[in-house]
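First the structure, in the form of structure tokens, and then the observations on it.
The values are calculated or read from the model by the stated rules, or taken from the named source; none is laboratory data. Quick caveat, the model's predicted, so the values are computed rather than measured. Methodologically, a virtual Cβ is constructed for each residue, glycine included, from the backbone with ideal geometry; neighbour enumeration extends over all protein chains shown. Accessible surface areas use protein heavy atoms only, side chains included; no ligands, DNA or RNA. Shrake-Rupley method; radii C 1.70, N 1.55, O 1.52, S 1.80 Å.
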Amino acid sequence: MLEFLRNGVQTWYFKGLLLLLVASFAIWGVGDFTSGGSTGAAVATVGNKDISGPSLVNAFNRQMRQLRGAITPEQARELGVLDQVLSALIDESLYDAEADNMGVTVSDAAVVGRIHQERAFRGELTKTFDRTVFERVLSQNGLGEQEYVNGIRRDAAREQMMGGFNAAAAPKSMVERLYKWRHESRIAEVLNIPVNISLSVGAPDEVALAAIHKSREAEFTAPEYRKATVLLLRAEDLTDEVIVSDEDLKTAYEQRTDEFSVSERRTVLQMVLADAETAKKALSLLAEGQSFEDVAKSVAEQDKDSIELGAVTKDDLPGDLADAVFKLNNGETSGPLKGPFGTHVFRVTDVLTGTVKSFDEVRDILKQTIAADRAIDALYKLSNELDDSLGGGASLAEAAQALNIKLLRFDAIDSQGRAPGATQATSVAGLPAGPGFLQTLFETLQGEDSALIESGENAFFVLRVDAITPSAVLPLDAVREKVVAAWRADERKKRAFDIAEGVLGAVAEGKTLTTLALPYGFPVTTTKAFKRNGANAGSDISAGLVSDMFNLQTGEAAMGETGTGYAVAILKEIKAPQNVKAEVDATKSAVLRGLSSDIIVQFNKALRDRHLVEVNQLVVNRLFNAYP
């Protein structure tokens, strides 16, 4: 319940008040602590308790916010996120039901204590619980206060109940075996045999070419292409038609003066002191010539970071303090000033004069923005007119002519936006922006018009599929050069394979890699000690060979494919782990976590046997089929 609230919850109020201790909060009343009943149709029932539809929707929404737009809700459901969320809610309900059976209770004071201890709810200045921060954080995360409080109470009850399910100790033999498996390492001698891309391998005969062409048809298959007529509306194409008068520009300038103004600012240092007497002491030390930073440290116990407010405007400070600070000139120090959190002493270290850009300076900017805004309005009006025209039975050509819209024609486009023979994606110029165009193009039947669809920002399109050229294997003569190149690449790779296989056989007969490498001029390298995960293996040995080295005895060899050809590796040394305490402790912790997890899995299974669990999939489907 707390974990997802802990990141990014910080606000700036008065940086200089970071060390100020304000009056302690009284015991905070978090409201009604009684459990509220759920509303809405039940998506699942655990024992005699329902899990409501809104509870599942809210939990799913929170999970989607944590994913930060990485996937869409539909994709999340396809990946099983919804099922995981529902399963978690069922597990929570099972724990709650068992806690009720065991008579586990959590006092109001314990709940309040947990909430007060949560760092996410602390004020930046006071470092103590701040109800305003609490309410804002809950709001940002889509939680109601009572919902959160009930969740904290349930979490505490579950922790009490589950506290005894941790494994007491990790078996020594299990820890030792896992530690050895994880941390033992290997050293190998490696001979890399790259494919010689310049090796002359001659020319293939027709039989060989035909075999390559047939066995690798996918490489020589042309994609499906579609011929289309497209009617594209874009706001940027309408901008030149928009008329912006001088009167429009002047009115906009008057309305948007704030945008072209930079308020006067002052770079300010401040101390926050307990009372006026302490402030006078600080001012006396400043008058003696001590630096503001030294006085703040000795009298106010503030460090350099906490006294620097930076460049602030008048609006950044409370009213009375702002008036006093903005009367100071550069280098001047204020007297003691009573503020909402104590007595302040300010010093201005720089005055940054405010500026306002003239009408002539921003004239072009105003014209561009007004024209762009009006073009967007015109675009939506035109799109409605186009929709009405097409809905009334007009063809794309007729609608385009009536509304003075240019038609675009594309002879052949594949599903990646490429023209025949092109290798770069979206190589066809002038296609509507965004993936929606290609998706619509390949979902629309031949001879049919699509609906009017938005394309990126401030654009619409409608298309007609004029013809479809199905995907087909290209004849050998049409791709002869590609097939010949494929045959030659295979032959060169076979030569490298044959060399590697010969080296491997010779190693088995007792020859060394160094001797075997001499005729080819290939270097032999020795790896650093590497572990099963490939750490420190370097680039000379592939992941497959790393795995092979852990299945061999010293002196044995293996070969494998690499990114550039093949490699033969001989296992030179098996290094036992060094029993590093931190690594041993980490392994022990991993074993304990695994054992504890197994215990909890068994406990969950027992709970499902004890408390009847029913999922109403019909309600779940109905809720999420309408999910936006």
Given the criteria assigned to a helix (DSSP H, G or I) and in contact with a Phe, Trp or Tyr (Cβ under 7 Å, 6 or more places away or on another chain), does residue 442 qualify?
no
Filter segment 419-429 down to the residues that are free of Cβ contacts under 8 Å to residues at least 40 places away in the same chain and not hydroxyl-bearing (Ser, Thr, Tyr) and list them by number.
419, 421, 422, 424, 425, 428, 429
Give me the residue from segment 400-425 that is farther than 19 Å from residue 241 by Cα, touching a strand residue (DSSP E or B) at 6+ places or on another chain (Cβ under 7 Å) and among the small types (Gly, Ala, Ser) and, out of that set, surrounded by the most Cβ atoms within 10 Å (Cβ to Cβ).
412
Taking segment 253-277 and keeping residues more than 30 Å from residue 363 (Cβ to Cβ) and buried (at least 18 other Cβ atoms within 10 Å of the Cβ) leaves 266, 268, 269, 270, 271, 272, 273
Which of the following residues is in a helix (DSSP H, G or I), modelled with pLDDT under 85, surrounded by fewer than 17 Cβ atoms within 10 Å (Cβ to Cβ) and of a type in the set (A, V, I, L, M, F, W, C): 88, 109?
109
Identify the single condition in (1) more than 30 Å from residue 162 (Cα to Cα); (2) assigned to a helix (DSSP H, G or I); (3) open to solvent by 60 Å² or more (accessible area, probe 1.4 Å) that residue 544 does not satisfy, given that it satisfies every other one.
(3)
Conditions: (1) open to solvent by 40 Å² or more (accessible area, probe 1.4 Å); (2) over 38 Å from the mean Cα position of the chain (by Cα); (3) at pLDDT below 95. Residue 497 meets all but one. Number of the miss?
(3)
Residue list for segment 502-528, restricted to those being within 17 Å of residue 551 (Cβ to Cβ) and not in a helix (DSSP H, G or I):
527
Okay, helices (runs of 4 or more DSSP H) sitting entirely in segment 241-302 with 2 or more residues that are in contact (Cβ under 8 Å) with a residue 12 or more places away in the chain and among the basic types (Lys, Arg), I get 276-287
So residue 175, is it in contact with a Ser or Thr (Cβ under 6 Å, 6 or more places away or on another chain) and touching a residue at least 60 places away in the same chain (Cβ under 8 Å):
yes
Answer yes if at least one residue in segment 119-127 is surrounded by 16 or more Cβ atoms within 10 Å (Cβ to Cβ), among the acidic types (Asp, Glu), part of a loop (DSSP other than H, G, I, E, B) and modelled with pLDDT of 80 or more, and no otherwise.
no
Within segment 575-583, identify whether any single residue is assigned to a strand (DSSP E or B), over 30 Å from residue 197 (Cα atoms) and at pLDDT 85 or above, and answer yes or no.
yes
Got at least one residue in segment 223-242 being more than 39 Å from the chain's Cα centre (by Cα) and buried (at least 16 other Cβ atoms within 10 Å of the Cβ)?
yes
Looking at (1) over 40 Å from the mean Cα position of the chain (by Cα); (2) buried (at least 16 other Cβ atoms within 10 Å of the Cβ); (3) of a type outside the set (D, E, K, R), which is the one condition that is false for residue 527?
(1)
Apart from one, (1) in contact (Cβ under 8 Å) with a residue 12 or more places away in the chain; (2) outside any helix (DSSP H, G or I) all hold for residue 181; the odd one out is (2)
